[in-house]
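See below for the structure under consideration.
The values are calculated or read from the model by the stated rules, or taken from the named source; none is laboratory data. No experiment lies behind these values; they were computed from the predicted model shown. FYI the Cβ positions are ideal-geometry reconstructions off the backbone, even for glycines, and counts take in every protein chain you see.
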Amino acid sequence: MSIEKTLILVKPDGVRRGLVGEVISRVETKGYSIEALRLLNADRALLEQHYAEHIGKPFYEPLVEFMMSGPIVAMVASGNRVIEGFRSLAGVTDPTVAAPGTIRGDLARDQGTKVVQNIVHGSDSPESAAREIQIFFPK
Ligand code: IDP
Ligand code: MG
């Protein structure tokens, strides 16, 4: 048994399109539990922390602008292997090739923007999850 926690974000495109419930539904239907949830407007300082690994990449500034373009929903989900499991539910980064059946594959497509708009974020490792949960849910 390895009960884990992961950070999930519904990005501004997902909130704008009314897909918060759909994302939560997929997480819950898969069998994971929602442990915490909040709606917020992320500011630059918070996003700089969250996306620190991407600072300097060509899509970094468009990514930050996009993530500040409207409210987002942050949640912590838990379950055995939930980090890997949610990445699988989300699908690969590029929604054009994300597999049908995944959140990104079913609900997103290329919009021709500088940053890929792909509905959700999910932590990619236990280290990332611990770091990201602290950012969005400080004790
Ligand atoms: P992930 O969200 O699948 O983990 P990351 O590589 O961590 O993907 O990138 C963070 C976010 O930055 C992506 O979800 C996407 O919105 C955006 N992004 C990543 N790579 C590119 C790119 O090559 N062009 C444009 N946007 C990108
Ligand atoms: Mg990532």
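Yes/no per residue for (1) crowded, with 19+ Cβ neighbours inside 10 Å; (2) not basic (Lys, Arg):
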position: SER2; (1), (2): no, yes
position: ASP13; (1), (2): yes, yes
position: VAL20; (1), (2): no, yes
position: ILE24; (1), (2): no, yes
position: VAL27; (1), (2): yes, yes
position: LYS30; (1), (2): no, no
position: SER33; (1), (2): no, yes
position: ARG38; (1), (2): no, no
position: ALA45; (1), (2): no, yes
Residue under evaluation GLU53, criteria (1) within 13 Å of ligand 2 (Cβ to nearest atom); (2) in contact with a helix residue (DSSP H, G or I) (Cβ under 7 Å, 6 or more places away or on another chain), criterion not met: (2)
Residue within the stretch 129-136 that is buried (at least 17 other Cβ atoms within 10 Å of the Cβ), part of a helix (DSSP H, G or I) and within 12 Å of ligand 2 (Cβ to nearest atom) present: yes
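So which of VAL73, VAL92, VAL10 ends up being under 21 Å from SER128 (Cα atoms) and either at pLDDT below 95 or in contact with a Leu (Cβ under 6 Å, 6 or more places away or on another chain) (or both)? Talk me through it step by step, then tell me what you get.
Numbers: VAL92 fails: either at pLDDT below 95 or in contact with a Leu (Cβ under 6 Å, 6 or more places away or on another chain) (or both); VAL10 fails: either at pLDDT below 95 or in contact with a Leu (Cβ under 6 Å, 6 or more places away or on another chain) (or both).
Exactly one of VAL73, VAL92, VAL10 is under 21 Å from SER128 (Cα atoms) and either at pLDDT below 95 or in contact with a Leu (Cβ under 6 Å, 6 or more places away or on another chain) (or both), namely VAL73.
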Any hit, the stretch 116-128, residues being modelled with pLDDT of 95 or more, under 17 Å from LEU19 (Cα atoms) and among the charged types (D, E, K, R): no
Residue satisfying all of: in the stretch 65-82; more than 10 Å from ligand 1 (Cβ to nearest atom) and of a type in the set (A, V, I, L, M, F, W, C); farthest from ARG26 (Cα to Cα) among these: MET68
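Residue by residue, here is whether (1) of a type in the set (A, V, I, L, M); (2) in contact (Cβ under 8 Å) with a residue 60 or more places away in the chain; (3) closer than 20 Å to PHE136 by Cα holds:
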residue: GLU22; (1), (2), (3): no, yes, no
residue: ILE34; (1), (2), (3): yes, no, yes
residue: ARG38; (1), (2), (3): no, yes, yes
residue: ALA42; (1), (2), (3): yes, no, yes
residue: LEU47; (1), (2), (3): yes, no, yes
residue: VAL64; (1), (2), (3): yes, no, yes
residue: SER69; (1), (2), (3): no, no, yes
residue: ASN80; (1), (2), (3): no, yes, no
residue: SER88; (1), (2), (3): no, no, no
Lone qualifier among GLY56, GLY101 - being surrounded by fewer than 14 Cβ atoms within 10 Å (Cβ to Cβ) and away from ligand 1 (no atom under 14 Å from the Cβ): GLY101
Checklist (1) closer than 17 Å to ILE3 by Cα; (2) within 12 Å of ligand 2 (Cβ to nearest atom) applied to PRO126, failing item: (2)
Matching residues, the stretch 72-91, being over 12 Å from the mean Cα position of the chain (by Cα) and among the β-branched types (Val, Ile, Thr): VAL82
